[in-house]
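Participant: Can you read through this structure? Questions will come right after.
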Amino acid sequence: MTETTVRALGATAGPSRIVLGVCGGIAAYKSAILARLLISAGHDVRIVPTDSALQMVGRTTFSALSSHPVHTSVFDDPEGVEHVRIGDEADLLIVAPATANTVAKLAHGIADNLLTATALVATCPILVVPAMHTQMWLNPATQANVQTLRDRGVFVLDPAEGRLTGSDSGIGRLPEPEQIAQTALGMLCEQDLAGTRFVISAGGTREPIDPVRFLGNRSTGRFGIALALNAAQRGARVDLVACNIDRALLPNHPRIAVHPVGSAEQLQEAMNSCASGASVLIMTAAVADFRPAHSGESKFKKDGSGAAPDITLVENPDILKGLASDRSHGALVVGFAAETGDEHGSVLDYGKKKAKVKGADLLIVNRVGETVGFGDVDTAITILDRDGNVLGEGEGTKSQMAGTVLDAISLSLGSLD
Ligand code: C5P
């Protein structure tokens, strides 16, 4: 995500007062970038470091970036009663990086500096982004403190995996500032999907030929991920059934649970087990229509004769059709039609036909090909109802189009009330 996309996301939320708490972890330098992203998105950012954070990054950097004085103690400006004023006025409190020490203080209501005192006053949403060494993160004390915060409604992002302070690596790294900014700004969005649960499939299935080879497709999962993030930011809980998605692309959001699967049959099982009681089921995943009837237990070998193995294919279940025909789950069903036009019909002609065949409540048609549709590229969509009537259309980034699709879903959910 670039600074421009963060700005675009923030622009929809309007200017807010954000308090950015910074603790004394080595990742404190990244909070300067985070502050910059939040300010670029049009928000007023007040930075409240701990004393240890100022060992890592200078007070001047934070005050120059935020255009606000930077204090660490309630005694720095006693007449201003800063912790009460800042805590009261905040629309969002972010603590990034949050050390194990500050996580423990927040969990236990200790208020021994301006940041922790402000956190006790704040009634706004709170996002805590821990970063620490793997052992400290995995320590039962830290895990219990994180659970206490989560139970209290605080958003705690899981740390990323990767290089830590020294030459070591593991879980405990601060997620990238862009990702934190995206989650944070999402918390300021209108919560029109609060109270709903979405089940979204994304990515492409892989049908094993043998233990190393598979039949697959070019789907990266980006559209499904954009839908999951957008829904979560608007208040929905999301089960993301992720088919073979690159780990680096998977979202880290407290309201998104990721269920990794491989083949179409595994996808069907996961969708069915998540479906009951869901509000919306979205089949974004590119599902292989056929799979090898048998997959070899060991790798197929060339025997030197030039003869190729015969691979017999059998049809996979149509998961979307199944979810649309058995309505015991009670959810709104949304399908995708990745289409190419040809001399017999346009993308929309094929989409309209598919809308009738699939029986989903909404079908999102998009054009795909060698250079369009797959990966990190813009996309054009048309939203159809079950009879093939056009409800809306749009063109833009996958993130923007995810917003358009969710607007249509939000409207449909509203009309079901
Ligand atoms: O049948 P086709 O692949 O053209 O339809 C696309 C839509 O149907 C997508 O929503 C896709 O996730 C879903 N699908 C499915 N099961 C299949 C094939 C596609 O659910 N076996």
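The values are calculated or read from the model by the stated rules, or taken from the named source; none is laboratory data. Source: prediction; values computed, not measured. Here the Cβ is made from the backbone with ideal geometry for all residues, glycine too, and neighbour counts use every protein chain on show. Areas reflect the complete protein model, heavy atoms only, side chains present, ligands, DNA and RNA absent. Shrake-Rupley method; radii C 1.70, N 1.55, O 1.52, S 1.80 Å.
Participant: In debye, nearest 20: dipole of segment 3-187 around its Cα centre with unit charges on the Cβ of K, R (+) and D, E (-)?
Facilitator: 280 debye
Participant: Considering only Pro175, Gly153, Leu115, whose Cα is most displaced toward the positive end of the charge dipole of segment 3-187, charges sitting on Cβ of Lys, Arg (+1) and Asp, Glu (-1)?
Facilitator: Pro175
Participant: How high is the relative contact order of the chain? Use alpha-carbon pairs under 8 Å, at least six apart in sequence, and give a whole percent.
Facilitator: Reported relative contact order: 11 percent.
Participant: Then there is this: Take segment 82-138, drop everything but the C-alpha atoms, weight them equally and run the Debye formula without solvent; then report log10 I(q)/I(0) at 0.23 Å⁻¹ to two decimals.
Facilitator: -0.87
Participant: Ignoring ligands, DNA and RNA, please state the percent of accessible area on the chain from carbon and sulfur, probe 1.4 Å.
Facilitator: With neighbouring chains kept in place, the figure for the chain is 50 percent.
Participant: Using the Cα centre as the reference, give the magnitude of the dipole from point charges on the C-beta atoms of the chain (Lys, Arg: +1; Asp, Glu: -1; all else neutral), rounded to the nearest 20 debye.
Facilitator: Result for the chain is approximately 460 debye, rounded to the nearest 20.
Participant: Let me ask another. Using a 1.4 Å probe, how large is the accessible area of Arg85, given in Å² and rounded to the nearest 10?
Facilitator: 90 Å²
Participant: Please work out the ratio of the alpha-carbon Rg of the chain to 2.2 N^0.38 Å and round it to two decimals.
Facilitator: Against the compact-globule rule of thumb, the ratio is 1.11.
Participant: If you find the alpha carbon centre of segment 111-148 and of segment 212-243, how far apart are they in angstrom?
Facilitator: Measuring centre to centre over Cα atoms gives 29 Å.
Participant: Over segment 271-402, what lengths in whole Å, largest first, do the semi-axes of the equivalent ellipsoid take, defined as the square roots of 5 times the eigenvalues of the alpha-carbon gyration tensor?
Facilitator: 32, 21, 15
Participant: Another question, then. Residue separation times 0.36 nm, minus the C-alpha to C-alpha distance between Asp192 and Val357: what's the value?
Facilitator: Net length gain for the segment: 56.3 nm.
Participant: With every protein chain left in place, what is the accessible area per residue of the chain in square angstrom, probe 1.4 Å?
Facilitator: Spelled out: the 1.4 Å probe surface of the chain, per residue, equals 46 Å².
Participant: May I ask what percent, to the nearest 5, of DSSP beta bridges between residues of the chain are antiparallel?
Facilitator: Percentage antiparallel, nearest 5: 30.
Participant: Please give me, ordered by residue number, the GluC sites (Glu not before Pro) of segment 283-368 that lie in loop per DSSP and have at most 14 other Cβ atoms within 10 Å.
Facilitator: Loop-located and lightly packed - Glu297, Glu343.
Participant: In addition: If I take the Cα coordinates of segment 3-187 and project them onto the principal axes, what are the three extents in Å, biggest first?
Facilitator: 39, 38, 32
Participant: Sticking with this structure for a sec: Between segment 31-71 and segment 320-372, what's the alpha-carbon centroid distance in Å?
Facilitator: 47 Å
Participant: A further question on this structure: Leaving ligands, DNA and RNA out of it, work out the accessible area of Lys353 with a 1.4 Å probe and give it in Å² to the nearest 10.
Facilitator: My reading of the accessible area for Lys353 is about 130 Å².
Participant: How much mean residue ellipticity at 222 nm does the chain get from its helices, if each DSSP H run of length 4 or more adds -39500 (n - 2.57) and you divide by all residues, to the nearest 500 deg cm²/dmol?
Facilitator: Computed ellipticity for the chain at 222 nm equals -10500 deg cm²/dmol.
Participant: Provide the FRET efficiency to the nearest 0.05 for the Asn272-Asp168 pair, computing r from the beta carbons and using R0 = 45 Å.
Facilitator: About 0.60, to the nearest 0.05.
Participant: Here's a follow-up. Dividing the convex hull volume of the alpha carbon atoms of segment 48-127 by its residue count, what do you get in Å³ per residue?
Facilitator: For segment 48-127, the hull spanned by Cα atoms encloses 93 Å³ per residue.
Participant: If I take R0 = 30 Å and measure r between the Cβ atoms of Glu315 and Asp349 in this structure, what FRET efficiency does the formula 1/(1 + (r/R0)^6) give, to the nearest 0.05?
Facilitator: Once rounded, the FRET efficiency stands at 0.80.
Participant: Next question. Sorted from largest down, what three extents in whole angstroms do the Cα atoms of segment 214-352 have along their principal axes?
Facilitator: In descending order, the Cα extents are 60, 40, 31 Å.
Participant: What trypsin sites (Lys or Arg not before Pro) does segment 99-204 have in DSSP loop regions with at most 12 other beta carbons within 10 Å?
Facilitator: Within segment 99-204, the qualifying trypsin sites (Lys or Arg not before Pro) (loop, at most 12 other Cβ atoms within 10 Å) are Arg152.
Participant: How high is the FRET efficiency between Ala144 and Asp385 when r is their beta carbon distance and R₀ equals 35 Å, given to the nearest 0.05?
Facilitator: Efficiency, from the Cβ-Cβ distance: 0.10.
Participant: To continue, here is another question. What does the charge dipole of segment 63-132 about its Cα centre add up to, to the nearest 20 debye, if the Cβ of each Lys and Arg holds +1 and the Cβ of each Asp and Glu holds -1?
Facilitator: Result for segment 63-132 is approximately 300 debye, rounded to the nearest 20.
Participant: Using alpha carbons only, how many degrees (0 to 90, rounded to 10) separate the axis of helix 222-233 from the longest principal axis of the chain?
Facilitator: That works out to roughly 40 degrees.
Participant: May I pose another question? Three principal axis extents, largest first, for the C-alpha atoms of segment 111-182, in Å?
Facilitator: Principal-axis extents of the Cα atoms in segment 111-182, largest first: 39, 29, 24 Å.
Participant: Sort Ser415, Ser16 by accessible area with a 1.4 Å probe, largest first.
Facilitator: Ser415, Ser16
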